[in-house]
Every structure is written in structure tokens, then in C-alpha cells.
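Contents: one structure, followed by commentary.
The values are calculated or read from the model by the stated rules, or taken from the named source; none is laboratory data. All figures in this text were calculated on a predicted structure; none of them were measured in a lab. Virtual Cβ from ideal backbone geometry, glycine too; neighbours counted across all protein chains shown.
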Amino acid sequence: MGSRTVDSSFMSAHLPDSVRHGVDHLTESVHEKFRDIKPKLRGWLHLGTAPLTLVAGIVLVALSPDTTTRIGSAVFTGSALLLFTVSAIYHTGTWSPRTWAFLRRFDHSNIFVLIAGSYTPLALMLLGGTQRTVLLLTVWICAVLGVLFRVFWTDAPRWLYTPIYIAMGWSALFFIPGFIDGATSRLGTGMAIGVLVLIAAGGLLYTLGGAVYGFKFPNPSPRWFGFHEVFHSFTILAFATHYIGVSLATYSLR
């Protein structure tokens, strides 16, 4: 038996570099797949949220008082609907490697689009002049660059791209005085406080979700409801909070 035992280190040392690297990559991929076996509820939360987002978005657009607010409402709804729909398709299905890779790129890229889409109605309603232009240009340029980043660097480490999402999400901090002035003058003090608190709360929920995703914790039930489902729950709660805030601001302008 000992004479037929193969010394793996000897084999590894004498294999061509290209073959050895290929074997190493395959081994890492297999380990990654085993680590990421999907819980049974993976994607189902977003699958249920997508049609609700469509209905809620139609209501928001229909009740928007003018062209500017309708555009903002449509962009906000469209970005969220895109994220929830693609996420549901990606996470609930079983795909070929090529389709899986495409959907993964699409899914991760949509986070940048949702961030920019969430800023759009607020900037259009509450900011004016140069501030509005600067913020919208900034977030949408960042969104385009973020999409390209995720499309062309699919294996970027989680510790790198998760903070980028969070940093982009909180870029509005530089425009807080403008948002406060715009909300107070256009919505009234009471409504302004409510809207701004909801927007900040939604941002905090997105940030907590990003932390869960980045640290893969908590992971309450890997078989049914793992850390990724906790992350998805935070995204749904955050979007709902932002939707209420955007709706209140929009309807106050009627």
C-alpha cells in the first residue's frame, strides 16, 4: 500500500505552473461553493418584495404632482425594482456557470444603481441649483463607475467593495445643510423633520445590512435563514423606510 501512495507535495512540485495554478483555482472554487451552499430561503424575500415594489412605485408615480417629481419617483422605483427582481432571479435559480457569473455581476452592480436612484427624488425635490446638479452628477457617475468595477472585477474581495457601497450611500452628508434648508422651506418644519429622519434611518439600515454582509454575521440558520437573508431583510426595511420618506415629501408638494 505504501509503495502506491502518491506524495501530493512531490506531484505539486513537478507539475507545470499552469496546471498547478489551475488545480489550486479549482480547489478554491470547490471550497467556495461548499461554503456558500444556499439556505432554502435565499432570494425569496426579494422575490416577494419585487411585485410590491412595482405596485408601490406605480402609486408613487401616479400621485406625484409634477413632471420633476414623477421623474424622481420613476427613477427611485425603477432602481429598486431592478435590484429586487435581479436579486430574486439570481438567488432562487440554479444556473449554468456562465449565466451565474452574468447574474452575479448584474446583482452586485445594481446596488450602485439603487443608491443613485434613491438620491434622485430627494435631490430633485429638496435641493436646488448647483447643489442639486453636483449631487446628481456625483452619485450617477459613481454608479456608472461602480457598475464597471463590479462587471470587470468580479472577484473583488468583499472587504473592498462593501465599504465602497457604504461610502457612496453616505455621500449626502456633505449636503446636509442644503437638504435641511430645502426640506424646511418646501415641506414645512414638521414634515421636514419626519422625512429627514426617515431618510437617515433608511441609510442606517442599509449600513447595518452592509455590515452583516461584510462580516457574514449574524448567521442564525445556515440551512434556512443565513447571514445573506439577514442582509436582504435589512435592504427591504431600508427601502421601505426610504419609500415612506420619499412618498411623504412627494405628497406634501401636491
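Points worth noting:
- Leu60 falls short of the stated requirement of being within 19 Å of the chain's Cα centre (by Cα), crowded, with 19+ Cβ neighbours inside 10 Å and more than 21 Å from Lys40 (Cβ to Cβ).
- Residue that is surrounded by 14 or more Cβ atoms within 10 Å (Cβ to Cβ), on the phi < 0 side of the Ramachandran plot and part of a helix (DSSP H, G or I), where the choices are Thr68, Thr99, Thr85: Thr85
- Looking across Gly57, Gly78, Gly48, one residue alone is touching a Leu at 6+ places or on another chain (Cβ under 7 Å), over 24 Å from Ala156 (Cα atoms) and not β-branched (Val, Ile, Thr). It is Gly57.
- Checking His242 against (1) of a type outside the set (Gly, Ala, Ser); (2) modelled with pLDDT of 95 or more; (3) surrounded by fewer than 17 Cβ atoms within 10 Å (Cβ to Cβ), the condition it does not meet: (3)
- Residue count, segment 120-153 (criterion: part of a helix (DSSP H, G or I) and either of a type in the set (Lys, Arg) or under 17 Å from Asp181 (Cα atoms) (or both)): 14
- Taken across segment 174-190, residues that are surrounded by 12 or more Cβ atoms within 10 Å (Cβ to Cβ), at pLDDT below 95, in contact with a Phe, Trp or Tyr (Cβ under 7 Å, 6 or more places away or on another chain) and not charged (D, E, K, R) do not occur at all.
- So Ile164, is it of a type in the set (Val, Ile, Thr) and modelled with pLDDT of 90 or more: no
- Of all the residues in segment 174-195, those that are without any contact (Cβ under 8 Å) to a residue 40 or more places away in the chain and hydrophobic (A, V, I, L, M, F, W, C) number 5.
The rows are residues; the columns are (1) in a helix (DSSP H, G or I); (2) at positive phi; (3) aliphatic (A, V, I, L, M).
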site: Phe179; (1), (2), (3): yes, no, no
site: Val197; (1), (2), (3): yes, no, yes
site: Ala201; (1), (2), (3): yes, no, yes
site: Gly210; (1), (2), (3): yes, no, no
site: Gly214; (1), (2), (3): yes, no, no
site: Asn219; (1), (2), (3): no, no, no
site: Arg223; (1), (2), (3): no, no, no
site: His232; (1), (2), (3): yes, no, no
site: Ile236; (1), (2), (3): yes, no, yes
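- Yes/no for Leu237 being over 15 Å from the mean Cα position of the chain (by Cα), over 20 Å from Tyr161 (Cα atoms) and in the same structural domain as Thr92 (by TED's automatic domain parsing): no
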